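Notes for the one structure printed next.
The values are calculated or read from the model by the stated rules, or taken from the named source; none is laboratory data. Worth saying up front: this structure is predicted, and the values here are computed from it rather than measured. Here the Cβ is made from the backbone with ideal geometry for all residues, glycine too, and neighbour counts use every protein chain on show.
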Amino acid sequence: MSYLATDVGGTFTDLVHYDTDSGRISVAKTLTTPDDPSRGVLNAITIGQEQGVISPDRIDRLVHGGTTVINAITERKGVKTALVTTAGFRDVLEIGRGNRPDLYNLHATSPAPFVPRRLRLEVRERMDTRGNVLAALELSDLDAVVAACLREGVAAVAIAFLNSYANPLHEEACANALRARLPGVAVTASHEISRQWREYERTSTTVLNAYVMPVVDRYFDRLETALASRGFRRPFFAMQSNGGMASFEWARLHPLSLIESGPAGGVSGAAAIGEWLDEPDVLYLDIGGTTAKCGVVHAGMPRLTTEYRLERTRTRPGYPVQMPVVDIVEIGAGGGSIAWFDDGGALRVGPGSAGASPGPACYGFGGVEPTVTDAKLITGVLDAATFADGSLRLDQNAAVRAMESIATRLGTTVGAAANAVIRIAEANMLNALKLVTIQRGHDPRDLTLVASGGGGPMHAARLARELGVRRVVIPPYPGVFSAWGMLVSAPRRDLKRTRLQAAGAEAITMGRAMFADMRHEAAEYFGAGPEDLRHVHAVEMRYRGQEHTVSVTCHPDEWNEHALLAAFHEAHEQSYTFRLESAAAEVVSFHLRAELITPRPTLVAPDAAPEANTPSARTRSVDHGAAGRQASALYQRKSLAPGFRALGPALIEEPSSTTVVLPGQSVTMDSRGLLVIEEQE
Amino acid sequence: MKASDVARGSAVDAVTHEILQGKLLAIVDEMGIVLARCSMSPVVYEVLDFACGICKLDGDLIAQTNGITLFTGTFANQVRAMHERFGPGMAPGDVFMTNDPYQGGTHGCDFAVVRPMYDGVVPVGYAITVAHWLDVGGAVPGSLPADATTMFQEGLRLPGVRVMREDRLLPDIVAIIRENVRLPELALGDLNAQLAAARIAERRIQEICAKYGRATLTTVFDDILASSERQARAAVLALPDGRYSASDFIDGDGRSDDLIPVNLVVTIAGDTMTFDYTGSAPARAAPINCSRGALHSAVKTIFKAMVAPQAPSNDGWFRPVRVIVPDGTVFSAVKPSPTGWYYEGSAQASELAWKALAPIAPERFSAGSYTSLCATYFCGELPDGGGQFVHIEPQHGGWGATAHRDGANALIAVTDGDTFNYPAELLEAKFPLRIVRHALNVEDGSGAGRWRGGFGVVREYEVLAEASYLYASYGRSRTRPWGLDGGRDGSLNYIEVIRPDGTTTRLARTAHHALHPGDRVRLVTGGGGGWGSPEQRPPAQIREDIADGYVDVAAAEREYGLAAATPGHKTGPQERKPAINARISLIPSPPGGRREQAR
C-alpha cells in the first residue's frame, strides 16, 4: 500500500509519500501558488512522479491539508454573505460579547462583522430552551430575504436561530426553502455546524463557514478534477482541525472544519508517535520561522478546544469558531523572531519576525535585525556551510553585525548577546508550554515531548530539561511533520450536544439516548457498522453555579450516577486543586468522538548504510548556554540507523533541521528511526 | 555585574529580568484561569468581575491579571491594611480576607483574599485575589440595595480576618459567612476558587525562588517598578504643563433623581500629575459614593490609558500621580456612607479625568461614552419550588467617536474590561426569563459628528416568573455623553417596564420594581458623543449609514442637514441644508449638563 499527504502552507507546499512495502518515506517541497494552490500541489506530485516515487494508481489514500481556509478568512477573500436570524437578533453578530481585552485602550472596538447590517435579515420564529416551538416559522418572511439576496448578489447565506441547538426544525425548514429559492447560493444552517449553545459564538461560526464555502468548493473541485485526471482514485481526504480527516465531499459543506488543518496534522502525528511508544500523553512543539505552536495529546487523543477564536490576540477578542479544534497555543517565537529593546529598556524577542523575506540577517537577503537564527549561527548550532544541506550559504559576518547592537546595549560580547536572545526566546516558549500543560492540569514529568519544524529540534533539549519531561522525540523529516501527521491520521468526527441537566439518573438516561443518537449519526456518516468505529464518550460537567466545565471520559454502558460523580470530582481536583464533594453537580454537554478503524502506516526503520553508527570523528564548537562552549560531536541523520547511541554534547544534522543534544543527555535512534533524547542516569 | 546593569541600577542582568517578569505575568494569568474556571458566580465567570495580583512585601503591586479596570491599584492598600493588622503574627499557610471599602477596598461584595507567600519561612510577597460575590447578605438579594442610607444595609463586613491557618480553613469564619449570606454554596465556592488561585501563586513563586534565588526575585520586583516609573514620568513630561479642568453631573443617587455636581482640576507640572477633586458634592446617604480606594483606581485607569495602555500594570506606573480630595465627598466616602454602587461614582471620576485630558491627548481618548455599567438585577422564585434566583448583568453601551473614526458600538464601560455580555441561550436555560430582542440601539441614535458616536444596546426581556422584581442602577439617564470639537452629544441610558396592558414605566436607578408574568422589560443604553462638526461628515458615509439602517433619512436631514439622503441620490456639498440643532429626548437635558465651558 502507499499513502500520500500534502500540506499547503503560506510559503511552501509539502508532500510526503510513504510506501508500506519498502517502508520508504519520500518528501518533496515546492513553492505554494497562492492564486490557485492546486497548481502547487500538482507541481509537487509531478516531482514525485518524475522521480518514480509516486504512481497514482498505487496510492491508497490521499490526504490534503493546509492554509486555504484560514487564508481566505484572514485575507477577507470569502464571498458576499447574508445572515438570517430570529426576529430581534440580527445585531447579535455585530454586538458580539462586548468585552474589551485591551482594557486601558479607550480607542478599542469589537471586530468588524463579516456580514454588514443591510444583509442581516430577520424572520419570525422562536424555540424555547428545551426545543419546544413557541412561534412557528413564518415562511412568508423569506420573500424579503430572497429578494434582498438577489438584489445584493449574495453568494452565501448563513442561518442562525435562537435555541436551534436544542431543536433545529426551523433552521432545517428555512435552509430547505432558501436552497430551493436561491439556486447556486451556498446555504449553511447553524445546526449543521454546531449543536452547542451561545448564540453569538454559533452565529459567528456559521457565518464564517458560509463565507468560505464557495471558495473551498471551487478549489476542491479543481483539485479533484486534476487529481482524477492524473489517475488518482477517489475518495480524497481533507485534514480537519480536530486531528482527524474527512472526505472532500463532507469538507466542502463544512469548510470551517479545516481552519487549523496544518497544526492538527502535527498534533495527529504526535499522537501516532505516542501510540507507537506506548505513551498516551504527549506534548507537541513545532517551531517554524515566525511562531512556535504547542499542544497536548491526552489519553491517545489530541486535546481539543471548543473556545477557539480566530485572530484573537491579547488585545483583540477575535472571531469565535464553535467547532472542535486542536488546543494549540501559538506564540510569536520562531527562527525569524527579531530581538529588540522595549521602552523600558528590557530585551525582548518577537513577536516581530523577519519572516522569509528579508529573513534573518545571516541569510544575506538584506535583513539587518538580529534574529534567533542569527543567534543559533553565532553559538555554533548552525553551520554556515551545511545549513539546509548547503543550499543556502549563511553569512556569519552579517549575523555578528546584527547581534552587535544587542551586545553594545547589554554591555557584553556578541556571543553572550546571542545566548541572551536564545534564553529569552526559550523563556517565551516555556511559558507557552506551561500554559498547555500545567495550567490545563497535566504534569510535564509524565509527558514525552515530540518536537518538529525547523526550530523544534534545536530548542527541544533545553526546553525539555527546564520542564522536566520524560524524554524528547525528534521524528524523521521534522520540517514536513504536519504533512507526515496527516498521513497517519484517521477519519474522525466529533459530535457534541448541549443539554443542561442535574447530574442524576435522568441525565444518565438522557446521555445514553444522546450518545446512541450520535453513534448512529457517526455510523451513517462513515457508512460503516459499529464494529468498524472506535468511540470515545465524554461528558462535560461542572458544579452547580460554575460556568466552565471539565471533561469526564466514560462509557455509557458502564455508567451509573456514582461512577460518573466520582470521575468528575477526580477530574476537577486534577485541574483545579480542589473538589466540592457536597456540592450539586451538573451535566452540560455530551461529546462523542468517533474514529474509523482503518489501516494506517507505521514507520519501519530506514535501511542502514554500511558505515552507519560509527562514532563521529568530526566535532563543532557549540555554546550550550549554561553548560558553556564545548566541542560537540557532529552526525548526519541520513547515515544513522537503529541502535545508534551517543552522549551529548552532540549535533545531528539533516536538511530541514539540526537536533541539539546537551551535555548530560543521551540520544538514541529507535527501531522506527525516531531520535530519542533522554537525561543520563 | 555588567555596565548596562549598573546603568539600570540593578544587580540582576537584563535577560533574567525579562524572563522573571514573563514568569510573574504567567503566574497571575494562571491565577485568573483557576479563579474564573472554578468560580460559582456568573459575575465572576461571565462578567469576569475579579482580579488577581502579586504584591511586594510593602504592598506595591508587581503584576496583575488583565480583567477589569476597577481594581487598577486597589491591591496595595488592601495588602497594607492586612500587613498593619497582622504584620509579625503572619505565618506560612495563613490566608486573610477583607471586604472593607474604607480600607482600600471597593464595596462589600468584593472580597479580597490575601495570602503571604513564603520561601521556606522567609516572606517574599503577597498573592491577592478579589472577586465579586453574588450575595453577602444585607437588605436585598445581591447586597446592593439601591436605596441604602448606610453601609449596614449592604451586608456582612469582614474587615481583615484570618480565614486559613496552616492551609486549613478556620471553621468559625466559614460559619459566619455561611449564616450571613443568602447563597452560601456560591459564596463558599468562590472563596474556594480564590484560595486555590492564591495557593497556586505561592507554589509558583517558590519554584522561582528555588531556581533563581529569593534575592534575584525581590530585586526584579524593584526593577519592574523602577522601569515603569521611568516610562510614566517620560510620558507625562511630554505633555504640556498646565491646568485642565472638567465638570459633570452624576444623574441620581438611587434615592433621588438629583443631579449631583462633580468637578476636577488636573495639573501637569514637569513629570508629575495632580488630580484634584476638591469641590465635588458631599457624599450622599445613598450607595452612589465611592471611597478613596476606588477613586484612586479610577484615576489610575485613565492615567494608564494615557501613558501606556498595553503595558502590564504595576504600581511603578502610578508614582508620578497625586490625588487630592477632602474626606466625605461622593468620591471619598467614609464610614458609614454606603458604597454599594461605588462603580457608578468611580466611573464618573474616571470620566472627569478623561474629559479634562481628551483635548490634549486625542490619540488616546474619545468623546464621552454611555459611562454607566448599568448593572441590572432580576430576582425572584424559580418555578416548581426550585428556590431563589438572582440574575445580574452589566449592560454594554455606545462609546464616543475618536478624532479618526466612528465610536465603538456596544462595548463594556470604562470601569470594566474583559467583561462579556450574557448569551440569551444560557440565560433562558437557567432563569425564568426570555429575551425577545437584543439589538443595537439605533432608535435613540448616537452623537452626530464628522465621526459619529457608537450605538448602545436594547435588550428586551419577557418576564416568566410568577413573583420577581428588578433593581438596577443606570447613570447618564439625564446628562448625555459629551461630544467633542463640535460633535453632538450622545443619547441616554434607561429602562422601560411595559405591562401587558401597554402601561409603560421609565426607570434609571431603582431599588425595587415588582414584575409580573408577561411584563416586558426593555434595557436601553445610550450612544456615545460625536467628534467634529456633523457638517464635515462626507455624504457617502451618511448614505452608507442609511443603507445599513444605523441612521434613518429623517435623522440624517436633522443631524447632518443632508437633503434627500437616499441611496443612489446624487449629492454634493450644495445639497446640505443648515443643520437643525435639535434632539429628541424624553427627559430634557438640564442646563449645564452638557459639555462644560470650564475646560
Select from region B:146-172 the residues that are more than 16 Å from residue B:108 (Cα to Cα) and β-branched (Val, Ile, Thr) and list them in ascending order.
B:163
Expected single match for at pLDDT 95 or above and closer than 18 Å to residue A:202 by Cα among A:73, A:95 is A:95
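Mind listing just one residue for me: the one in region A:590-613 that is modelled with pLDDT of 75 or more and assigned to a loop (DSSP other than H, G, I, E, B) and, of those, nearest to residue A:418 (Cα to Cα)?
Among them, the one singled out is A:603.
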By residue number, the members of region A:305-336 that are within 14 Å of chain B (Cβ to nearest Cβ) and in a strand (DSSP E or B) are A:305, A:309, A:320, A:329, A:331
If we only count strands (runs of 3 or more DSSP E) wholly inside region A:388-506, which ones have 3 or more residues that are within 14 Å of another protein chain (Cβ to nearest Cβ) and over 29 Å from residue A:655 (Cβ atoms)?
A:492-502
Residues located in region B:146-172, provided they are free of Cβ contacts under 8 Å to residues at least 40 places away in the same chain and either closer than 21 Å to residue B:81 by Cα or touching a Leu at 6+ places or on another chain (Cβ under 9 Å) (or both)
B:169, B:170
Limited to region A:196-224, what total is found for residues that are charged (D, E, K, R), crowded, with 21+ Cβ neighbours inside 10 Å and touching a helix residue (DSSP H, G or I) at 6+ places or on another chain (Cβ under 9 Å)?
3
Select from region B:308-342 the residues that are among the polar types (S, T, N, Q) and more than 22 Å from residue B:252 (Cα to Cα) and write down the one among them that is surrounded by the fewest Cβ atoms within 10 Å (Cβ to Cβ).
B:310
Test residue A:133 against the stated conditions and say whether it is buried (at least 20 other Cβ atoms within 10 Å of the Cβ), more than 7 Å from chain B (Cβ to nearest Cβ) and not small (Gly, Ala, Ser).
no
In region A:63-89, residues that are on the phi < 0 side of the Ramachandran plot and within 7 Å of chain B (Cβ to nearest Cβ) total 1
Can you tell me which of (1) assigned to a loop (DSSP other than H, G, I, E, B); (2) within 14 Å of another protein chain (Cβ to nearest Cβ) is the one residue A:367 doesn't meet?
(2)
Single match in B:113, B:122, B:136 (criterion: β-branched (Val, Ile, Thr), touching a helix residue (DSSP H, G or I) at 6+ places or on another chain (Cβ under 9 Å) and over 18 Å from residue B:49 (Cβ atoms)):
B:122
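Yes/no per residue for (1) out of contact with any Phe, Trp or Tyr (no Cβ under 6 Å at 6 or more places or on another chain); (2) farther than 25 Å from residue A:630 by Cα; (3) surrounded by 24 or more Cβ atoms within 10 Å (Cβ to Cβ); (4) at pLDDT 90 or above:
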| site | (1), (2), (3), (4) |
| --- | --- |
| A:359 | no, yes, no, no |
| A:380 | yes, no, no, yes |
| A:386 | yes, no, no, no |
| A:391 | yes, yes, no, no |
| A:397 | yes, no, no, yes |
| A:401 | yes, no, no, yes |
Checked region B:361-390 for anything buried (at least 24 other Cβ atoms within 10 Å of the Cβ) and assigned to a loop (DSSP other than H, G, I, E, B); matches are B:365, B:366, B:367, B:368, B:369, B:370, B:371, B:372, B:373, B:374
Just the residues that are at pLDDT below 90 and either surrounded by fewer than 21 Cβ atoms within 10 Å (Cβ to Cβ) or not assigned by TED's automatic domain parsing to the domain that holds residue B:142 (or both), please, taken from region B:185-210.
B:185
Restricting attention to region A:352-364, which residues are touching a residue at least 24 places away in the same chain (Cβ under 8 Å) and assigned to a strand (DSSP E or B)?
A:353
Residue list for region B:410-435, restricted to those being in a loop (DSSP other than H, G, I, E, B), touching a residue at least 40 places away in the same chain (Cβ under 8 Å) and either crowded, with 24+ Cβ neighbours inside 10 Å or not assigned by TED's automatic domain parsing to the domain that holds residue B:516 (or both):
B:410, B:413, B:414, B:415, B:416, B:419
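A quick yes/no check of all residues on (1) more than 24 Å from residue B:309 (Cβ to Cβ); (2) within 7 Å of another protein chain (Cβ to nearest Cβ):
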| site | (1), (2) |
| --- | --- |
| B:428 | yes, yes |
| B:435 | yes, no |
| B:445 | yes, no |
| B:448 | yes, no |
| B:455 | no, no |
| B:458 | yes, no |
Report whether or not residue A:102 is out of contact with any Leu (no Cβ under 8 Å at 6 or more places or on another chain), among the acidic types (Asp, Glu) and at the interface with chain B (Cβ under 9 Å from one of its Cβ atoms).
yes
Test residue A:347 against the criterion of being in contact (Cβ under 8 Å) with a residue 60 or more places away in the chain, surrounded by 21 or more Cβ atoms within 10 Å (Cβ to Cβ) and under 21 Å from residue A:401 (Cβ atoms), and give yes or no.
yes
Only one residue in A:230, A:179, A:195 is at pLDDT below 95, more than 21 Å from the chain's Cα centre (by Cα) and more than 15 Å from residue A:324 (Cα to Cα). Which one?
A:230
Going by the structure shown, is residue A:551 on the phi < 0 side of the Ramachandran plot, surrounded by 14 or more Cβ atoms within 10 Å (Cβ to Cβ) and among the hydroxyl-bearing types (Ser, Thr, Tyr)?
yes
Scan region A:90-111 and give yes if some residue there is touching a Ser or Thr at 6+ places or on another chain (Cβ under 9 Å) and in a strand (DSSP E or B), otherwise no.
no
Select from region B:399-409 the residues that are facing another protein chain (nearest Cβ under 9 Å) and touching a residue at least 60 places away in the same chain (Cβ under 8 Å) and list them in ascending order.
B:399, B:400, B:402, B:407, B:408
Per the list (1) surrounded by fewer than 24 Cβ atoms within 10 Å (Cβ to Cβ); (2) part of a loop (DSSP other than H, G, I, E, B); (3) at pLDDT below 95, residue check on residue A:243 breaks on (1)
Can you name the condition, by its number, that residue A:224 falls short on among (1) outside the structural domain of residue A:168 (by TED's automatic domain parsing); (2) part of a strand (DSSP E or B)?
(2)
Could you check how many residues of region B:391-409 are part of a loop (DSSP other than H, G, I, E, B) and closer than 25 Å to residue B:464 by Cβ?
3
Tell me whether region A:50-57 contains one or more residues that are surrounded by 22 or more Cβ atoms within 10 Å (Cβ to Cβ), modelled with pLDDT of 95 or more and away from chain B (no Cβ under 14 Å).
no
